[in-house]
Amino acid sequence: MLHQITNPNLLHISLELSLISSSFQQSKATNHGGSRNLKARKEPNQRNPKKSCFTRWGCSTSLELYDNPWKIKKKLTTSDLGKLNRLLFGSNLLENLMVPVLSMEAQREASCGMGTPIRVWDVDTMSMHYLILKRWASFKSYVLIGKWNKEFVRRRELKKGDVVGLHWDSYRQCFNFSVLKRAGDRY
């Protein structure tokens, strides 16, 4: 059975794509006593001051196509590559992004200084590695120790200034590792 549409407003279907509907724009202009300046103003992007985006009424018109998974990033220093055989991270970064995905037992082991083994999948070379996550109370930071120098620094030929990244892979139940940027690369 076909139904007759009696409301003429329902007959018009818009194929227009916008961030804010035209009816909202009109109502905002009307509610503020007449015409309102609808021009976009340019504001700096909070995440990258070199980039800019347009905003209207406090709403950003910038578009991100995906959420970058590499939230744990580290620009390698001389001490990360040296004889101490460890990758050092600030405690806030790992307490917020790495420790919460561990089991309760692994969290206790890592936090109390004993250390807990973690699996690390190198996505660039498609190889699995094993490191120890441990909290260093004296530095108020976390370290990845074990075979860091052998299996990452030497094997991947890491240098000072290289940027590496980690993120949790819930499918494999391990951390993914990648060299995100080499020290000499422009991008």
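In the set (1) outside any helix (DSSP H, G or I); (2) among the charged types (D, E, K, R); (3) closer than 19 Å to Trp70 by Cα, Glu95 fails one condition alone, (1).
Screening Met114 against (1) open to solvent by 90 Å² or more (accessible area, probe 1.4 Å); (2) in a strand (DSSP E or B) leaves a single unmet condition, (2).
The residue list Ser138, Ser127 contains one member that is more than 13 Å from Leu81 (Cα to Cα), at pLDDT below 95, open to solvent by 20 Å² or more (accessible area, probe 1.4 Å) and among the small types (Gly, Ala, Ser), which is Ser138. So which strands (runs of 3 or more DSSP E) stay within the stretch 133-187 end to end and still have 1 or more residues that are of a type outside the set (Ser, Thr, Tyr) and over 23 Å from the mean Cα position of the chain (by Cα)? Here the list reads 141-146. Considering the stretch 59-97, and only residues there that are aromatic (Phe, Trp, Tyr) and modelled with pLDDT of 85 or more, the residue that is surrounded by the fewest Cβ atoms within 10 Å (Cβ to Cβ) turns out to be Trp70. Residues of the stretch 146-174 that are loosely packed, with under 14 Cβ neighbours inside 10 Å and modelled with pLDDT under 95: Ser170, Tyr171, Arg172, Gln173.
The values are calculated or read from the model by the stated rules, or taken from the named source; none is laboratory data. Predicted model, so just to flag it, every value in this text is computed and none were measured. Cβ: placed from backbone, ideal geometry, glycine included. Neighbour counts: every protein chain shown. SASA here: full protein model, heavy atoms, side chains in, ligands and nucleic acids out. Shrake-Rupley method; radii C 1.70, N 1.55, O 1.52, S 1.80 Å.
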